[in-house]
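**Student:** I have a structure here, written as structure tokens, and I will follow up with some questions on it.
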Amino acid sequence: MGGINKKKSKLPVPKTKQKKKIKQWKESAESPAKKSKKPLPQIAGKQKKTPAVSHKPKNFVTAPPKDESMDSDDEQQETSTVVATFATPRIPDPKLSPKLVTMLRPVVGYIYNDEQMSLKMSFEQAALLLEPDYNEETKVFRFLVNTKEVCRAVGEKNEAHSEAREKLVQIVRYYCYTVKKVKEYFTRRKIFYTRPPKAVLAESTETATKGKKLKEENIGFQMLQKQGWSGGGLGSGEDGIIEPITAMKRKGKQGLGTDNATEEAGETEEKVKIPLEAFYLVIQEYAGVNALYDLVFSSQFAREQVRKLREFAQSKKLQTQMVGQKKKKKLVISKPLTISEIMVGVLKGHSDLCAKYIVIPPASMADGAAT
């Protein structure tokens, strides 16, 4: 009679223990202080490869869903929403002295119009005095920050100025954070117009005409009553029309069969305009709300209306600017934010700011990580 096999098979390691061992192994592989220690044994079938470091942009917010009832301007505004991204530029080391580097650290560069940097705004908001200096004899152009030379270029004044400015821009992008404006405006509301949309006007007129009924003073009403009509539908079974047939007249000189070629007789198309006071209420409400999106007013507004809206917005301590082409400029009202406040908001992932700006880290961070 054969004996019983008393050899017990080993139970599998619990999943929580496997994950703990993998985490310890990853930490020991990443930290330089633990490199000398022996790595923990790998568990077959559960080991995950460490993801490779990628320099692709990080997305903070997703684009909002598309609304079918948008106007063309609103649709273009929403569909072109750009989320905040990070991208470290490749810039050579300017090799400034440590004192100059420490002095330039508070500067936050501001880029607009693709690659144009506003040096004046960047240094003013960092409480630093930026001064250009050109010597006619030596033909040397210098940029001084708090009376200390940061960069120089030799040549004619205009050429030396552009060369020195490019060097200063590279210095700012190498040692400082940079905020780049990628959109002229971003709004979570509809673009404001002086007149209501055509869909709203059509709906209001349709509801108005549907409610029309014959009055007792009407001759046709009296004739129908004499023939035994007591209300409701026409016919012996009262299954005919209920509302009277409206007389239609042609508008314009369009041919037969064209769309919107007729209108009801006696009605004239009136241009309904929204009073300016209604927009004052919108601006006042916007000034009292903790929102960072923009208010956008279309190019329908006349110059005098735009002037009044700008004055009212500025009285509420809001920032105004005109955006767009010459004949299609829009008034954009936004909250007054410093470059540093914009940078902090984007880094924290504020969706309204992330849709309008991106933050670029200093190029020195990439060089430090590479070394």
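**Student:** Given the options 139, 148, 99, 95, name the one that is surrounded by fewer than 17 Cβ atoms within 10 Å (Cβ to Cβ), at positive phi and at pLDDT 90 or above.
**Tutor:** Working: 148 fails: at positive phi; 99 fails: at positive phi; 95 fails: at pLDDT 90 or above.
Going through 139, 148, 99, 95 in turn, the sole match is 139.
**Student:** If residue 115 passes every condition in (1) open to solvent by less than 20 Å² (accessible area, probe 1.4 Å); (2) within 32 Å of the chain's Cα centre (by Cα); (3) of a type outside the set (A, V, I, L, M) but one, which one does it miss?
**Tutor:** (1)
The values are calculated or read from the model by the stated rules, or taken from the named source; none is laboratory data. Note that this is a predicted model, so its numbers are computed, not measured. Positions of Cβ are generated from backbone atoms using ideal geometry, with glycine treated the same way; all protein chains shown enter the neighbour counts. Note: areas computed on protein heavy atoms with side chains; ligands, DNA, RNA excluded. Shrake-Rupley method; radii C 1.70, N 1.55, O 1.52, S 1.80 Å.
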